[in-house]
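**Q** Attaching a single structure in C-alpha cells format; questions to follow.
The numbers here are math on the coordinates, done by the rules we state, and not lab data. Keep in mind that what you see is a predicted model, and the values were worked out from it rather than measured. FYI the Cβ positions are ideal-geometry reconstructions off the backbone, even for glycines, and counts take in every protein chain you see.
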Amino acid sequence: MRLQDPPKEVSRPIRVGILANPASGRDIRRVISKASVFPTAEKCNMIQRLMGALTVCGVDEAWMMPDKGGIATVIKRFGQTPEGKRLLPVQFTDTDIMEIPEDTRLSVRAMIAAGIRAIIVLGGDGTHRLVAEECGEIPMATLSTGTNNSFPELREATLSGLAAGLVATERLNLDDVTRREKRLLVEVNGETRGMALVDACISADMFVAAKAVWQVEQLRELYVTFASSEAIGLSSIASLVNPVGRDEDHGLGVQMDPEATQKVMAPIAPGLFAKLGIQRWDELQLGSSWAPTIDRGVIALDGEREIEFRAVDNVRLSMDRLGPRVIDVSKALGAAAKQGIMLSDSNE
Amino acid sequence: MNLNEAQLLQAYRKMRQIRAFEDRVHDEFATGEIPGFVHLYAGEEASAVGFCMHLNDEDRIASTHRGHGHCIAKGVEIKGMMSEIYGRRNGTCAGKGGSMHIADLEKGMMGANGIVGAGPPLICGAGLAAKFRKNGGVAIAFVGDGGSNQGTTLESLNLATVWNLPCIFVAENNGYAESTGSKWSVSCENIADRAAAFGMPGVVVDGHDFFAVYEVAGEAIKRAREGGGPTLIECKLNRYYGHFEGDAQTYRGVDEVKKVKESKDCLMLFSKRVTEQGLLTQAQLDAIDKEVAAEIEASVAHAKSSAKPTSADLMTDVYVSYP
C-alpha cells in the first residue's frame, strides 16, 4: 500500500538514512537517578514502524549503520515478510564498527555519499549532536531514545517516518516544514573541537570520565541555544531563570556560583533535582563569541563531558544558526493534510 | 570526579603491572615451563583497576578463569601469583591451584574460577555476610560475556535484588565467549539491558577508559555501601590474546587486535590524558614502567628457583580446619 506518486517527477532511487544509536540510554544515570532504560528491542520496533511509513511514501531504500549484533541483526532478520520479501530494502554502510562516537560520524558520511534525501535519528541529545556535525543540508527527523532529551522529540516513530518520507519524496516544500537550528561551537586553540545543539556547560571537573553531568558542585557556566520549561537536564537550569524558544534569535548564558544567594531547583536528570546558586544570566546573541571564565576544566556538550582544557589552552565558544535542518513533524503532517497528500480516489 | 597525583600513579602502576605480568606469562608459557592452562587479561586492565581502586581488604571480589588482572588489582602479591602459576610451593595457594584458582582471602580475593559463571553466586554469599555484619562491605563478581549467559549469573542477579545485597556484577564483554562471538550468543546488544528485568540499574561503560570505569564503579559501590542494592555494569572491552594461550584465534579479524591497540588501548589512553592535562609527566610514567619490568622479572626468577610441592603436601590444604 502506497501513496499516489508525487505530482512532480522525482529522481530515483529515493534513499533515507536511519541512524539508531545502540548505546543510548545506558549511562551512569541509571545508577544515580533511576533513569529509564530504552531497550534495543523497542528501538528495533520503532525502526520497523518508521520503515512502514517510508514504504507508504514510496521511499526505495533505507540506509543504516551496522552494529555488533543488536539492531542490525534484528532488522536483517525481521524486516521482511514471511515470504522473505523485504518490507523496505535496507543497505548497511560499510563502517568498521569500533563502538565509539566516530562510528556514527563515519556512517552518516557514508549515507550522504550514498545519496540519502533525509535522515531519521534515534538517540539522545549526544547522538543527534554527532549526526548534526555531519549531515549538512540533509533534513533530519529526530526521535528520542536517550536519557535527558531536550533536542529530539518523544514522538511515535510512524509519524516521524511519515514526515521524513514526505520530505524525502519531495511532496512537501522543505522551507515550510523544516527549521534551521541554533548551535554552540567550541574552539580550542583555533580548532573547532565540538558542537552543542542545546547546551554547553563549563565545569571545574578534571576528567571527561563517564561523560554524563550530574554532580552540580563543579558547574560554573552554562550556555544554551534554547531552554524549554519542560526540559530536563542542564538546560532546565536556564529555563527556570529565563526560558528561550528554539525560534528566538538569541540564547542564554548563566553564571553559577555555589555561594550565590539566589538559588534555583532544577531537574538535572530524571528524578534528580539539584539546587544551584545563580550569579547572573545574560542573553547570548547569534554571532557572538566568548571565553570561559575559569582557566581549567571540562566542557560538557548537550549534557556529556567531552573536552578537557587547561590554562594554556585558548578556548572560545560561539553561537550561530547554522545547525542542522530539522523536520518539524507537526508542520509536515499538517501541510500533508492541507495539501490532501494522504487522500486518494483509488482502492489500490 | 577528581583524582590526586598519588591516585593517578597508583592506577597507572596497577594497570602496567597487569599488562607486564600477562605479557610475560604469554612469553613464558610458550617455553612449556608453565603447567596447565592460562587465560590472559591483557587489554582489559582498566576494568579491574577501575573497580578495585574503590575497594578495601574487607570487600570481596570473585573472578573468572581470566583472573590474573583481578588478583593484581585487588592487591594479591605478584611474586606469590607468579609462583602459583608455575606450580611452586611458595605460590599464593601453595602451587596447588595454578592460574585458574588463585585466591587470597586476606586481600578479599575469593578466587579465580575455572567454572564459567561461578563467581556471581559466591558474591551473593559475601554480600549477605556484609549485610548481616553491617560493616559497609561490598562484593563484586566479574564475569565475561559467556558467563553472563549462565543460569548461575541470572539466578544471582535475581537473588541480589530480592535480598537487596551490596553486590556489583561486572560483565566484562570482550566480544567472545571462548571462540563464539557475543553477537551470536548474547540475546541482546547490551548485557546491561538485562538489569531492568531484575529490577536493578544497568550501565554500559567503555572498558578501555579507566576514568569512565572508575567513576561508574565509584557510584555503584557507594550506592551498594549505603544500602541501595545491586548494580549490573557492562564494560565493553577487548582482550589482546586468545581465549587461552595457544588459541589460534581464527575467529577474529586479521587486524582486529591491532586496531584496538592503536585506538583504544587503556594504558595509551590513560598516559595521553594525564600527560596532556599536565597531571603527570612522561618521566613519572616511564619510571613506573621500569620498576614494574624489574618487579616482573624478579617474580619470574623467584618462581623458577622455588621448590615444587612434594608428595608430602598432597593431603594438606584439603579441608579448612575450624577451631
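**Q** If you average 1/r over every pair of different alpha-carbon atoms in region A:83-136 and take one over that average, what Kirkwood value in Å do you get?
**A** Radius from the Kirkwood sum: 12.3 Å.
**Q** Less than 12 Å Cβ to Cβ from B:H101, Lys/Arg counted +1 and Asp/Glu -1: what total charge do the surrounding residues give?
**A** -2
**Q** Any idea what angle helix A:40-57 forms with the longest principal axis of chain A, computed on alpha-carbon atoms, 0 to 90 degrees, nearest 10?
**A** Relative to chain A, helix A:40-57 is tipped by roughly 50 degrees.
**Q** Pick out which of A:R77, A:R29, A:R325 has the largest mean-square fluctuation in a Gaussian network model of chain A, springs linking Cα atoms closer than 10 Å.
**A** Highest fluctuation among the options: A:R77.
**Q** Report the residue, chosen from B:L154, B:L279, B:L267, that carries the largest GNM mean-square fluctuation when chain B is represented by alpha-carbon nodes joined by springs under 10 Å.
**A** Per the Cα network of chain B with a 10 Å cutoff, B:L279 tops the list.
**Q** GNM, chain A, Cα, under 10 Å: largest mean-square fluctuation among A:S36, A:S150, A:S288?
**A** The residue with the greatest mean-square fluctuation here is A:S288.
**Q** Under the 0.36 nm per residue contour assumption, what length would be gained going from the current alpha-carbon distance of A:D345 and A:T293 to full extension?
**A** Net length gain for the segment: 12.3 nm.
**Q** Next up: For region B:5-313, what are the per-bin percents of Cα-Cα distances with bins 10 Å wide, up to the bin holding the maximum?
**A** Percent of pairs per bin, in order: 6, 29, 36, 23, 6, 0.
**Q** Using 7 Å Cα-to-Cβ label points, what is the B:K258/A:D247 separation (nm, one decimal)?
**A** Here the modelled spin labels are 5.6 nm apart.
**Q** So if I place +1 on the C-beta of Lys and Arg and -1 on the C-beta of Asp and Glu, and nothing else carries charge, what would the dipole magnitude of chain B be about its Cα centre? I want it in debye, nearest 20.
**A** 500
**Q** How large is the charge dipole for the protein assembly as shown, taken about the Cα centre, if only the Cβ atoms of Lys, Arg (+1) and Asp, Glu (-1) carry charge, to the nearest 20 debye?
**A** Approximately 1040 debye in magnitude.
**Q** Sticking with this structure for a sec: For helix A:157-168, report the angle its Cα long axis makes with the longest principal axis of the Cα atoms of chain A; keep it between 0 and 90° and round to the nearest 10°.
**A** 70
**Q** Give me A:L276, B:L285 ranked fewest to most by other Cβ atoms within 10 Å of their Cβ, as a rough exposure proxy.
**A** B:L285, A:L276
**Q** To the nearest 20 Debye, how big is the dipole of region A:183-320 about its Cα centre, given +1 on the beta carbon of each Lys and Arg and -1 on that of each Asp and Glu?
**A** 300
**Q** For region B:258-323 and region B:37-58, compute the distance between their C-alpha centroids and round to whole Å.
**A** Each part's Cα centre sits 11 Å from the other's.
**Q** Oh, and also: May I ask for the distance between the Cα centers of region A:208-263 and region A:107-145, given as a whole number of Å?
**A** 25
**Q** Expected output is a single nm value to one decimal: the length gained when fully extending between B:E33 and B:A287, i.e. 0.36 nm times separation in residues minus the C-alpha distance. What is it?
**A** 88.4 nm
**Q** Could you list A:L286, B:L314, A:L159 so that the one with the fewest beta carbons within 10 Å of its beta carbon is first and the one with the most is last?
**A** B:L314, A:L286, A:L159
**Q** Past the 25 Å Cα-Cα mark, which pairs from B:K14/B:K131; B:K96/B:K131; A:K211/B:K261; B:K96/B:K258; B:K14/B:K222?
**A** The answer is B:K14/B:K131; B:K96/B:K131; B:K96/B:K258.
**Q** Under a point spin-label approximation (7 Å from Cα along Cα-to-Cβ), what is the B:R225-A:V188 distance to one decimal in nm?
**A** In this crude label model, B:R225 to A:V188 measures out at 3.1 nm.
**Q** Going by how many other beta carbons lie within 10 Å of each one, how would you line up B:W184, A:W214, fewest first?
**A** B:W184, A:W214
**Q** Wrap a convex hull around the Cα atoms of the protein assembly as shown, take a quarter of its surface area, and give that in square nanometres.
**A** 33.0
**Q** Treating the angle as unsigned and between 0 and 90°, give the value, to the nearest 10°, between the Cα long axis of helix A:125-135 and the longest Cα principal axis of chain A.
**A** Compared with the principal axis, the helix lies near 60 degrees.
**Q** If the label point is 7 Å along Cα→Cβ of B:Q277, which residues in region B:1-30 have backbone nitrogen under 16 Å from it?
**A** Taking a point 7 Å out along Cα→Cβ of B:Q277, the residues of region B:1-30 whose backbone N falls under 16 Å are B:1-13.
**Q** Taking the DSSP beta bridges in region B:130-250 as the whole, what percent of them are antiparallel, to the nearest 5?
**A** 10
**Q** Set the Förster distance to 30 Å, then compute FRET efficiency between B:S187 and A:A114 from the Cβ-Cβ distance, nearest 0.05.
**A** FRET efficiency, B:S187 to A:A114: 0.45.
**Q** Towards the positive end of the charge dipole of the protein assembly as shown, with charges on Cβ (+1 Lys, Arg; -1 Asp, Glu), say which of A:L333, B:G69, A:S36 has the farthest Cα.
**A** Of the options given, the answer is A:S36.
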